[in-house]
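Trainee: The structure's right below; bear with me while I get my questions together.
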Amino acid sequence: MIRVFIFLMVAFASCAAAEADGSWMKKVPPRDHERPSPFHEQSEAVAAGKRLFGAHCASCHGENAEGKKKKPALTSERVQQQATEGDIHWLLVNGNMGRGMPSWAKLPDPQLWQLIAYIKSLH
């Protein structure tokens, strides 16, 4: 019985670690992965996204997206180089509650894309 418990704990820890390393990106459907941002590198969208970030994201991800406690930095290579704008949009819409990331689908889609423009500008 103890062996089963230990096995389950190790399996759970492995799953949690996999989510932390960006495995959520494997869940993104190809059509979402390839989805382009309507605001790609537009300065007005970046400025609006920065305001939205301050209001909705900074409390977990840090004022400058550097990450806080167990919440990831959004300036990481994974976010800046590996994740597409479409990947991030998918994550914002769907969330990842297993890692504490809520869905932000309540925000209008243009605001989600503005957030993404800001996040991607942090490279």
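Trainee: Would you work out if the stretch 17-76 is rounded, prolate or oblate? Take a ≥ b ≥ c from the square roots of the eigenvalues of the alpha-carbon gyration tensor; rounded if a/c is under 1.5, else prolate when a/b is larger than b/c, oblate otherwise.
Mentor: Oblate, since a/c reaches 1.5 and b/c is not below a/b.
Trainee: M97 to E63: FRET efficiency via 1/(1 + (r/R0)^6), r the Cβ-Cβ distance, R0 30 Å, to the nearest 0.05?
Mentor: Plugging the Cβ-Cβ distance into 1/(1 + (r/R0)^6) gives 0.80.
Trainee: Moving to a separate point now. Calculate the dipole size of the stretch 69-112 relative to its Cα centre from +1 charges on Lys and Arg beta carbons and -1 charges on Asp and Glu beta carbons; express the result in debye to the nearest 20.
Mentor: Around 360 debye, computed over the stretch 69-112.
Trainee: Using a/c under 1.5 as the rounded threshold, could you call the stretch 22-120 rounded, prolate or oblate? The axes a ≥ b ≥ c are square roots of the C-alpha gyration tensor eigenvalues, and prolate needs a/b larger than b/c, oblate otherwise.
Mentor: rounded
Trainee: Let me ask you something else. Taking neighbour counts of Cβ atoms within 10 Å as a proxy for exposure, in what order, fewest first, do H56, H123 appear?
Mentor: Placing the least packed residue first, the sequence is H123, H56.
Here, each number is a calculation from the coordinates, and none is a lab measurement. Because the structure is a prediction, the values reported are computed rather than measured. Note: ideal-geometry Cβ built from the backbone for every residue, glycine included; neighbour counts use all protein chains shown.
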